[in-house]
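The values are calculated or read from the model by the stated rules, or taken from the named source; none is laboratory data. Please read all numbers here as calculations on a predicted model, not as lab measurements. Glycine also receives a Cβ, built like all others from the backbone with ideal geometry; neighbour counts cover every protein chain displayed. All accessible areas refer to the heavy atoms of the entire protein, side chains included, with ligands and DNA or RNA removed. Shrake-Rupley method; radii C 1.70, N 1.55, O 1.52, S 1.80 Å.
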Amino acid sequence: MLKKIILAAAICGALGTCTIGASDISSVQEPAREGEVTVIKGKVIETVVPKKNHRKDKRTVEKQEVKTEDKTAAKEEKTLKPAAEKTAGKTEVKKAVPAKAAPAKEAAAAKEEAKKPEETAPAKPRFEDKRIEINLASRLLTLYQGDVGIRMYPIAPGKPDSPTPTGRRTVIDMEKDPTWVDPDNPSVTIPSGPDCPIGYRWIGIGGNYGIHGTNRPSAIGTYASHGCVRMNEADVEDLYNHIVMGIPVDIIYERVVVQEEADHTVVYYIYPDGYGREPLDVATVKQKLAPFGVSAYVSDDDVQQAIDASDGNPRYVVKVYDLYVKGQKLDARAFGKDGHVYLPVMAVAKALGIKAEWSPNWNRLRTANGEAPAVLKNRSLLIDAKDAETLFHVSGTLDDHYNYDLN
C-alpha cells in the first residue's frame, strides 16, 4: 500500500497539482488499513477509506442474540431458583374457597322467586291435540280436544250438485271481515258487512274451500253452499277463537254415528242420505254397534225402524260398565237399562270357578248354590245383578267411575 502512495505522490509532483508533500509521505508510518483504495477523479488523485460495514451476517446476529438470551435466562434462573426455594417453605398456595351456601330460608325464597314468573303467566291454550271433524251426513261440525268433543255446531255444507269434498285438510288461512268473491264470476265482490254471504269470519281449508259465517242463517242444517261449510255467525266466531292455523280438519260422510256419553250410555243416530252415497241395512248398523258390546240389546225391528226414519234422533241403547270380579277385570261388560244392571253370567261363572247350567226351556240358570231366571240376548246369556247373590254368593256395587265390582 505504501508503494502505491509513493507512486501517486510522484505522479502528482510531475503534474504540479498534488497536495500531499514529501513530509506527509514520510510521516506515514503505520501500515495502511485494509480496505483503502486510491481513486483518480479527473486530475485529482485522493485516497478514500471506505466506511466500515457495520451490518453483520444475519445468522451471526441471530446466534449472538440467542446466546445472549440463553445467558440472560440462565442468570435469571439462577437468581430466581434460590429465591423460590427460600419462599416455598414459607408461603402456602391458597386454595379457592367456595362461597358460603345461603341459609335454607334464603334459598327457599330464591326458589320461590324464580317460580313466580311461571306461576303468574297466563296459561297458553293447547292446540296441538285439537282437530275439527265435519260430518256431511249429519251436517254437524265438532271440535275435538283429543278424543273428547268439546264443541258442536250445525252447518250447511255443499249442495248435492256441488258437494263438499271429503278427506283430511288443514286450516291454512284465518281472516276477520273477509271479502266475498263470486265463484262463478270472480270480478264480482262484496266487502265484509251485513250483505256479505260469508259473514265476518273465514277459515280457509285449502283450494277455494273454507268454513265461514253467513247472512242467511235459515240455510243452516241444509245442503246449501257451493262446497264451503256455512255456520251461524255466532258459532263461527266462537270456533275461530278456539283454533289456530295448522290444526287438521277431517271431512267425513257417515250416516250411522255411535257414541258413549259421559254416563256410559251408548246411543246411536241414523242420518238421511243427503248425497245418496251410503245405503243402510240392519246388519250394517249392528256392525257399527258391535265394538261397544251392545248389539244384543237392539232388536232387528228397532234398527229397521231407525233406518226408515233416518231422522238423526238419538236412540239410547244401554249403559255399559267395566266389570270386575274380586278385583279382576273381565273382557265382558255389565249393562244398565231401566234401573237394572245385567251381568254376562257365563263370564262371571268362569271367573269364580263355578259351574252354571242353563235350561232354554225354562229360561233359568242353575248352579250348586241355587237358580235364577236368565235371558239370551244375541247369543249372550244375561242375569239381573240382584240374582248374583243366589247363584254365586257375591254382590255388586257401581262406583263413581262406572265400574261394577262383584265381591
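Among residues of region 378-398 that are closer than 14 Å to Ala368 by Cβ and open to solvent by 50 Å² or more (accessible area, probe 1.4 Å), those with a Cβ under 8 angstrom from a residue that is of a type in the set (A, V, I, L, M) and part of a strand (DSSP E or B), sequence gap 6+ or separate chain, pair up as Thr390/Ala372.
The residue that is least open to solvent (accessible area, probe 1.4 Å), counting only those in region 165-191 that are of a type in the set (Asp, Glu) and modelled with pLDDT of 95 or more, is Asp173. In region 156-172, the residues that are within 10 Å of Ala224 (Cβ to Cβ) reach residues that are of a type in the set (Lys, Arg) and open to solvent by 60 Å² or more (accessible area, probe 1.4 Å) with C-beta atoms within less than 9 angstrom, at least six apart or across chains, in these pairs: Ala156/Arg216. Counting only residues that are over 36 Å from the mean Cα position of the chain (by Cα), within 22 Å of Ser138 (Cα to Cα) and open to solvent by less than 10 Å² (accessible area, probe 1.4 Å), region 192-226 holds 1 of them. Do we find that His264 is surrounded by fewer than 17 Cβ atoms within 10 Å (Cβ to Cβ) and in contact (Cβ under 8 Å) with a residue 40 or more places away in the chain in this structure? In short, no.
Among residues of region 284-297 that are in a helix (DSSP H, G or I), those with a Cβ under 6 angstrom from a residue that is basic (Lys, Arg), sequence gap 6+ or separate chain, pair up as Ser295/Lys286; Ala296/Lys377.
Put simply, of Val303, Val294, Val345, Val325 the only residue that is open to solvent by less than 60 Å² (accessible area, probe 1.4 Å), out of contact with any Ser or Thr (no Cβ under 8 Å at 6 or more places or on another chain) and farther than 20 Å from Tyr404 by Cα is Val303. In region 315-322 there is at least one residue matching the filter, namely being at pLDDT 90 or above, surrounded by fewer than 19 Cβ atoms within 10 Å (Cβ to Cβ) and more than 25 Å from Asp281 (Cβ to Cβ).
Of all residues being in a strand (DSSP E or B) and either among the hydrophobic types (A, V, I, L, M, F, W, C) or in contact with a helix residue (DSSP H, G or I) (Cβ under 7 Å, 6 or more places away or on another chain) (or both) in region 129-150, which is most open to solvent (accessible area, probe 1.4 Å)? Just the residue, please. Per the stated criteria, the residue is Val148.
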